[in-house]
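Input: a single structure, listed below in structure tokens.
Since every read-out is calculated from the coordinates, none of them should be taken as a lab result. Fair warning: this is a prediction, and the values are worked out from it, not measured in the lab. Cβ placement follows ideal geometry from the backbone for every residue including glycine, while neighbour counts extend to all protein chains displayed.
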Amino acid sequence: MKTEIVLSGVGGQGLISNGEILGQAASIFEKDLYATMAASYGSETRGTFTKTDVIISDQPIGYPNVESPDIILCLAQVAYDRYVDKFGDHTKIFYDSDMVTPAEGAKGEHIGYPFRTMSIEQIGNMQTANTIALGVIMKRCNLLHKETVMQAFASRFAGKDKVIAINEKALDLGLSL
């Protein structure tokens, strides 16, 4: 089992944090899994293109960058446009349906939800759109377990009980879709 994941959008959407959460959940809290993460972002912290490559495997991983993405999350049009040519027939493309317009005839399975709108209307915090998307990806791709992902959130945000609680609520929302 090897799953290559690209989380993409613009700075400030929490995609690097999500990559860290996925990597920790897989390599530390799941049993017998390995993970790598490589991130790239613009010199400004907010508003410029950002991406995080995560590979999860049941075997040691020799190269940390995604070569043939199985899963791509696009939370901004610039991210979708950058990756549209890399979509394969097997690729699952998750996107924010309020922020991204899919290209006509693009390869892969496109799965869109209004993540940002849902984060505002149902969670009350726009910063949870990435976590809702993570829940959808986990459910649709049978990727990791909620318990291990929450252990990774608890580790990453130790001492920030409100942040952990709101992310659990957002993750549950994504898992319910």
Query - Length-normalised contact order for the range 1-79 - Cα pairs under 8 Å, 6+ apart - percent - result: 46 percent
Query raised in the report: In percent, how large is the relative contact order of the chain, given Cα pairs closer than 8 Å and 6 or more residues apart?
Result: 22 percent
**Report entry** Residue-averaged [θ]222 nm for the chain, counting only DSSP H segments that reach four residues, each worth -39500 (n - 2.57)
**Finding:** -10000 deg cm²/dmol
Query raised in the report: Between the range 113-157 and the range 11-42, what's the alpha-carbon centroid distance in Å?
Result: 13 Å
Report task. Provide the FRET efficiency to the nearest 0.05 for the Y63-K146 pair, computing r from the beta carbons and using R0 = 30 Å. Result -> 0.55
Requested in this report: Excluding residues fewer than 8 places away in the same chain, name every one of the lysines whose C-alpha is closer than 22 Å to that of K146.
Outcome: K2, K31, K92, K160, K162, K169
Report task. State to the nearest 20 debye the size of the charge dipole of the chain about its Cα centre, where the only charges are +1 on K and R beta carbons and -1 on D and E beta carbons. Result -> 320 debye
